Structures are given as structure tokens and as C-alpha cells.
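The values are calculated or read from the model by the stated rules, or taken from the named source; none is laboratory data. All values derive from a computational prediction rather than experimental measurement. Heads up, the Cβs are rebuilt from the backbone with ideal geometry, glycines too, and the neighbour counts pull from every protein chain shown. Ligands, DNA and RNA are excluded from the accessible area calculation, which covers all protein heavy atoms including side chains. Shrake-Rupley method; radii C 1.70, N 1.55, O 1.52, S 1.80 Å.
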2 protein chains.
Amino acid sequence: MTAHGEGERDAAGQPANVPSGSPESIAVPAARERARAIPEAAVARLAVYLRVLSGLDERGTTTVSSEELAAFAGVNSAKLRKDLSYIGSYGTRGVGYEVSVLIGQIERTLGLTKKHRVAVVGIGNLGHALANYGGFLNRGFPVAALFDLDPDLLDVPVGGIPVSAVDDIVDVCRDREVTIGVIATPAEGAQEVCDRLVEGGVVCILNFAPVVLRVPEHVEVRKVDLAVEMQILSFHVARRNQEAAVVPGIAGGTDAGPPGDRVNGNGNSKSALERGDVDGMVVRP
Amino acid sequence: MTAHGEGERDAAGQPANVPSGSPESIAVPAARERARAIPEAAVARLAVYLRVLSGLDERGTTTVSSEELAAFAGVNSAKLRKDLSYIGSYGTRGVGYEVSVLIGQIERTLGLTKKHRVAVVGIGNLGHALANYGGFLNRGFPVAALFDLDPDLLDVPVGGIPVSAVDDIVDVCRDREVTIGVIATPAEGAQEVCDRLVEGGVVCILNFAPVVLRVPEHVEVRKVDLAVEMQILSFHVARRNQEAAVVPGIAGGTDAGPPGDRVNGNGNSKSALERGDVDGMVVRP
DNA sequence: TGCTGTGAACCGTTTCACAGCT
DNA sequence: AGCTGTGAAACGGTTCACAGCA
């Protein structure tokens, strides 16, 4: 879970203040420093805390201790406090944190005070799901444009927004000031789509296509790859089976399993949702 | 969790299977040790290498150097070599790696030689996308069951598999020997669904619902949270804007951008797809 | 000569433990 | 008395640089 997608070999990732003889190098503004200073891993968790806090807020809770909040978020309290310390000191010693204050500060830190217009490219099953998904995109991330190659989809409204042609990506994105692009196309088209999004002014891309995208330095890419997730799980199944085959007692695969529950702080993929649903359906067993 | 000092000493890449009939005393099987020893981050990248290798294989390439493969996968060659070293020594010094050998070894390591039956719970937009998504689930991960609460969906086939009731999760999963569960329900139902899946014998869960799941020790959970991904991107947009506001030259938001391209090795979310599409649509600009 | 495999240095993240405030 | 905020230690993963082998 590293952070940035470093360049290649040496290339000298000159992130912060590398005294490479630059002119006004040293005196970098505090705000920028602050933002840069927050570890990527912490940023991901802040989003989780935010979701939990929103839930508490709705339930009328006004104060939480680091211990409580940590439990809800599935991390330990020390980590939580350290994470929060990156954004400032907004707790009260001996008491805890005020929910509303924390929400505000995290939102500010994550840049959620500004709405980021989103474009979804590739209106297949997944793109459809994303476009319709009111619970997440519309919550601070309004979908401003949809694109697909299929002529049959042209102008068909999905989730209220008519589908545009991929050829118009650059113009439409510029027009509607899209800052975040979501690529839900097959692998083949992805790089091309990516290039156009970038040309259209998009600075961040969420990539669902199974390809490594090439982007200019100033563009941030995050990738979500379902196949990789599955394969990682597969690895764990295999590992488990190996262990089971060795440990005398539990040999079967589908036994009830040991006692103690484990809260899934979930190391890997970052995650959280500000609120709502993953989807438009209704499941409530 | 684990601490144990890994014994590097395995010069001769010793095949997976360990004579399990032997004394179950101290001697912890090498295979188990090996599997345990591979860092999670490396596992995720192995999946990426596998995808790239499959592509090379299809194109008829038989040999790659670490440098080439690394370039395709968006990582640096040292990391790639270290990752591959975790699974054994299958390269030839002075030459490189044989594609087919590497594919075989990675598949073995990831446990892809065995098919893992998958159940998808929550057949909304996202669940639909997952169920229909031939490119990823069917490739070594056959969808064996679908579940939803909605009575209207009952028995309706989606992607060829009829939807079952969530009440039947336990029985159906046991019956069809499902090992991996995918939760694509809203947050509310997720924990309940998770519990049932576990009861039904599922050992790995891919969770799209914005909740921290509680699971028994022996169950592995990975979470994919679109909202968190978006918020992380939002953070980067904000950071970028801050920088832009400070750096004299580039002040605008949507300028063409600096020169050098950056290959998106993409630290964060793991990813890769063994092959195919993210979705059923056709996009090819 | 050229490329792999890997010990060792390095660096970011997590955990610990306690000082400092309320 | 209790809980936050944070240096410092511990840990794990990444990068370096080179020994070892084809």
C-alpha cells in the first residue's frame, strides 16, 4: 500500500524539498507542506473515519473518544489519534472529539468542501452501476458527463445524464469542468480514453480497466482491479488450505472455525463510503 | 500478526507439496512458510505480472527480462525481481525469465490452479455488473450462486445463474461449495449477509459495502470502497490546487500540464485483470 | 557480458508509552 | 482521573548495489 505511482528507476522522485539547486526551493507554504505530509495510508483512513462520524452525527452523537471511533472504524486507537494529529489538534484532552468539528476538518482536509465533477467513460454494466449509484457519486461527486462508444447509447439518459460520444470527451470535459474521470471501459480503449480525459482537464482518474495507465506527472491515478482482488483472495484460500492440510486438528475446509471474532480493519484496499448504499437495490435480510 | 524471522536459505526452489505424512513436530512445512512469507503487497503485484505475462504469451513472446516486464507492469525492475524471488528462482541469469514458466509459477502461488466458486450477494446495479462480468469472474472464478432480497428477482437468471433468496445463503453455499463471497449490498444488510456466508463455508469475502465487517479469525476480507477512492482523489485535487495557487508559473487548473509521462505503477489499490474486459461494453476510440 | 537473486540500507507506517492538557 | 497528542522505537516494505551465475 504505498502511495504514489513513482516514476521508474532512478528518475529521482524529487517530491518535497530536494535541494536540487532550485531557486526559491526552501520556503514552501505551510498549507502545502501539511497536505503533503499526510501519509497516503492515513488519507484513506480519514475517509473511513468520516463515514463513521457521519453515522454518529445522524444518530445524534456529539462526542467520541479515540477508542470508540477507532473501534467503529476497525483500527486501533493509537493509529486513529496519529491520523487525526496529521490534520491538527481538534480533540479535547480528557474528553474526546466533537463529532461535528471532526467531520468539518476531515472534509476540509480531503477537499470535500468543493464539489468535484465526475465523468464516467464506458457505460457497460459497471459504468451503468457507477452512473446510477446515487449513494456515492452524487454525494459530493456529481456525475457531470457520461461517455460511450456505442451509438445506441448516445443521448440515452443514464441516471439523468445523457450519454455522449467518446470523441467528444475533450470538449465536454472542458465545458463542464470535469476534474475526475472514471474509466470503466475494457482494457483496449483505456489508455486512449485516459489521454483524452487528461486533455480535457481531468486531473484525477479512477481506473477500473486492467491496464497500467501512462499519465503526465500532474495527474493522479488510482486503480481498482476486481481480478486482482479475487486473485489475492485466491492466494489466501490456497494458503489456508495449505495450513489446514498441515495442522493436525482442523483438516476440513468448511468447519465452523475458531472462536474470537476479528474486526476487519482491512489492511489492503482503502475504503469507506460517506454514507449510503453501494447500489440501488434493497437488501435487508 | 506474524512475526517469525523468515529463513531465506531455500536455494533450491523446493516444489510446493510437502510430505505431510512426516512428523508433525517442529518442522513447519516449507510451503506454508513460503506462502506466509510473501508480503501482501507483493501478492497483489504478482497478479499484475500475471496479466502482463498472459498478454506476452498470447503475443508469442517466450522470454522477458525483469526490466521489460517491470516496464509493462509499471514498477521498477528491482521490485519486480524481489517479488519474483519470493516465489522461487525461475529466471536465467544473463537471459531473463521464460514467460510460460513464470505464468505457471505465479498461478500456482496464487492458487489459481484450483477454481474458486463465487457467490454474489446483492443483485443491484453493481451485483448485476459483477454477475454478468464474464471477463473476470468466469476466468478461474466461476459464479456459482447469486442472492438478493427482492422477490421479483427470485429465480430470474442473471448471467445464466438464477437468483436465490438471501435466506438460503447458508444452504446454497454449502451445497455448491462456494469459497468466495462478494457482498454488493447496501451497508445495512452487509454484516448479516457476511455472517451467513461464513456459516455457509465461505472463507474469503470481497466487500463492496461501506462497512467494516466482523469476521472470525479464519476468514479473509478485502474491501473495495468507491467512495473512499473518490475521496482520496479529492484530496489530491485539493493538494494540487494548493500547490498551483502557490507555485508562480502554473496557476490555472486545467492547463496542458508538464512534460514527462509517468507510468502509473499505482501504489494504492492493487489491481490487474487476468485478461479481458472490465465490462461487456464496446469502447474503442 | 548481462541479467538474476539478494543482503543491507533506507524510508514510510505502525505501535508504544508517556507527557501534557482539561 | 482521563484522554489526547506525539516523540521514539519497532516493523515491514522498497530501493540500492553488487555478488553470482549463465
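What the table shows:
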read-out	value
Point-charge dipole on Cβ atoms (K/R +1, D/E -1) for segment B:30-109, about Cα centre, debye to 20	300 debye
Rounded to the nearest 10 Å², the accessible area of residue B:61 at probe 1.4 Å	50 Å²
Distant-in-sequence amide H partners of residue A:158 (H built 1.01 Å from N, under 5 Å)	A:163
Heavy-atom accessible area ranking, 1.4 Å probe, most first, across A:48, B:156	B:156, A:48
Hull-based mean projected area of segment B:118-226, where the convex hull spans the alpha carbons, in square nanometres	6.1 nm²
Averaged over A:183-191, number of beta-carbon atoms from partner chains that fall within 10 Å	6
For residue A:215, distant residues with modelled amide H under 5 Å away	B:262, B:264
Relative contact order of segment A:40-109, defined on C-alpha pairs under 8 angstrom at six or more residues apart (%)	40 percent
Most to least accessible of B:93, B:214 (protein chains only, probe 1.4 Å)	B:93, B:214
For residue A:100, inter-copy label distances in nm, listed shortest first [label point 7 Å out on the Cα-Cβ vector]	6.9
Shielding score for B:71-80, defined as the mean number of other chain Cβ atoms within 10 Å	3
For segment B:31-169: relative contact order, % (alpha-carbon pairs under 8 angstrom, 6 or more apart)	18 percent
Other-copy label distances relative to residue A:175, 7 angstrom Cα-Cβ extension, nm	5.2
Assigned charges on the beta-carbon of Lys, Arg, Asp, Glu; segment A:89-243 dipole about Cα centre (debye)	920 debye
Mean separation of Cα contacts under 8 Å, 6 or more apart, over the residue count of segment A:118-223: relative contact order %	25 percent
Gyration tensor over alpha-carbon atoms, segment A:40-109, equivalent ellipsoid semi-axes in Å	15, 13, 12
Across B:79/B:115; A:223/B:114; B:115/B:223; A:82/A:223; A:223/B:82, pairs whose alpha-carbon gap is larger than 24 Å	B:79/B:115; A:223/B:114; A:82/A:223
Ratio Rg/Rh [Cα only; Rh per Kirkwood] for segment A:40-170	1.13
Rounded to whole Hz, the Karplus (6.51, -1.76, 1.60) HN-Hα couplings of segment B:52-69, x for glycine and proline	4, 4, 4, x, 4, 4, 4, 7, x, 6, 10, 9, 9, 8, 4, 4, 5, 4
Copies compared at residue A:62 - label distances in nm, ascending, label defined 7 Å from Cα in the Cβ direction	7.6
